[in-house]
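Written out below as structure tokens is the structure these notes cover.
The values are calculated or read from the model by the stated rules, or taken from the named source; none is laboratory data. All values reported here derive from a predicted model rather than from experimental measurement. All Cβ positions, even for glycine, are placed from backbone atoms using ideal geometry, and neighbour counts span all protein chains on display. The accessibility values were calculated without ligands, DNA or RNA, using every heavy atom of the protein model including side chains. Shrake-Rupley method; radii C 1.70, N 1.55, O 1.52, S 1.80 Å.
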Amino acid sequence: MNSEKLGEVFVDGRIINLDNASMEMLESTLGVLSKQKESSIVKINKILSEI
Amino acid sequence: MGKFNERLLNELTEMSKTEALTLQVQFAIFNKRLNEFYSDKMGVIVKNFDDQASFYGKKTEDCIDSKNSIISKYNSEFQKIYDARKEQFYNVVAEIQEMQGNQKIAMANIMKVNAEIEDLADSSAYKEYVQNKAEFENVVNTTLNKAEFDKYSALLENLKDPFDSHYKTLYALAEKYDGYQAVIAECEKKLIEIGNAAVADFESIVKYRTAGVAIKKSNVFSNIINKIMSIFGGKARFDKEVVKKMESEIADVEKANNEVVDVVSSQTVSLVSRIEAARAEVNAAYNSAVE
């Protein structure tokens, strides 16, 4: 079966190969990204509250 | 204001990068689950074929063509499902990306309206409004004359705050952003569901692995009989008992799989149309709020 190749991404100071990384690594990366997004939303809300 | 916009723009840029990476990792998880499942199941199919060959006294190299043909057919069936579910996944991802783009536009509009508010605060129109408001309020609060009170109360009531429409737009834009966020959250759940559904589809490919071609348990006596029989009619028995049954199984898989692919395609169309309807609702709510 030919699945799509995704290559590497840089997250939280680490290079992660999306095609070879373990499921645990991918799940943990998703968790990191989710926290990063939450943090961005908090910062954006804080900036908007200054209006 | 310059710094406000700059800070907001920086945060939006950071968030865009995070969102793009999130979608990539979500797809990597989808891929990983399916690849692992595929490898496990293909391993079982190959081992089953080899065990059967051994049971019928065949060497793998003697039946390599049959083996390759069966493996290739199973591969095609896994591929069909993978492609259909991948397309479904990508369609939802495209909707998410579009909504995330619209959220950024809403943010950019918030910055624009905010800049207009700041300009307006320095304008003569606003200064006049502030002056009038103070004057009307003063009369309303101090006069003892009923006619004057009524007149200034009406003037105060009809006095239009130049910021009103801007605040209304800001509120509507924030609601629009949140509205998209709710639809995006639903879409992200859908991505997980698509992964689960793809695994279930993969399961259905191997459900046809019936007892008919399950490896027969052998003992010393049956081994001897089998070796004797395989000398005389091993190839014919192997073809009939294993190859033909496996080919018949894969024909059933192909038929069922074609139906699954059709169902997945219609699911994709209906899913995209439901997401677009939800997006249209968010836009309609915004338009109605700023009217």
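Other residues within the sphere of radius under 15 Å centred on the Cβ of B:N158, judged by their own Cβ, net out at -4 (K and R +1, D and E -1). Name all residues of segment B:86-107 having a backbone nitrogen under 18 Å from the label point set 7 Å from the Cα of B:E175 along its Cα→Cβ direction, giving them as ranges. Under cut-off, by backbone N: B:103, B:106-107. With a simple spin-label model that places each label point 7 Å from the Cα along the Cα-to-Cβ direction, the separation between A:E38 and B:N158 comes to 5.4 nm. If I take R0 = 45 Å and measure r between the Cβ atoms of A:N45 and B:V46 in this structure, what FRET efficiency does the formula 1/(1 + (r/R0)^6) give, to the nearest 0.05? Approximately 0.25, to the nearest 0.05. With a simple spin-label model that places each label point 7 Å from the Cα along the Cα-to-Cβ direction, the separation between B:S266 and B:N10 comes to 5.3 nm. Amide H contacts of A:L6: A:D19, each under 5 Å away and 5 or more positions distant or on a separate chain (H built 1.01 Å from N in the peptide plane; Pro and chain starts excluded). Remark on chain A: ratio of C-alpha radius of gyration to 2.2 N^0.38 Å is 1.57. Derived value for segment B:245-291: Kirkwood hydrodynamic radius 13.6 Å. Basis is the mean of 1/r over every pair of different alpha-carbon atoms.
Residues of segment A:23-39 whose accessible area, computed with a 1.4 Å probe over protein heavy atoms, drops by at least 40 Å² once all protein chains are present relative to their chain alone are A:M23, A:L26, A:L30, A:L33, A:K37. Averaging over all projection directions, the Cα-based convex hull of the protein assembly as shown occupies 25.3 nm² in the image plane. Dividing the convex hull volume of the alpha-carbon atoms in segment B:1-92 by its residue count gives 94 Å³ per residue.
May I ask for log10 I(q)/I(0) of segment B:133-209 at q = 0.16, 0.17, 0.26 Å⁻¹, from a Debye sum over the Cα atoms as equal point scatterers with solvent left out? Summing over Cα pairs of segment B:133-209 leads to -0.78, -0.80, -1.07. Surface composition of segment B:54-119: carbon and sulfur atoms hold 47% of the protein heavy-atom accessible area at a 1.4 Å probe. A simple spin-label model places the labels of B:T60 and A:L6 3.2 nm from each other, with each point 7 Å out along Cα-to-Cβ. Starting from one equal scatterer on each C-alpha and no solvent at all, send me the Debye-based log10 I(q)/I(0) for chain B at q = 0.08, 0.13 Å⁻¹, two decimals. Relative scattering, expressed as log10 I(q)/I(0), comes to -0.61, -0.97. Within the listed set B:F30, B:F163, B:F49, the residue fluctuating most in the Gaussian network model of chain B (springs between alpha-carbon atoms under 10 angstrom) is B:F163.
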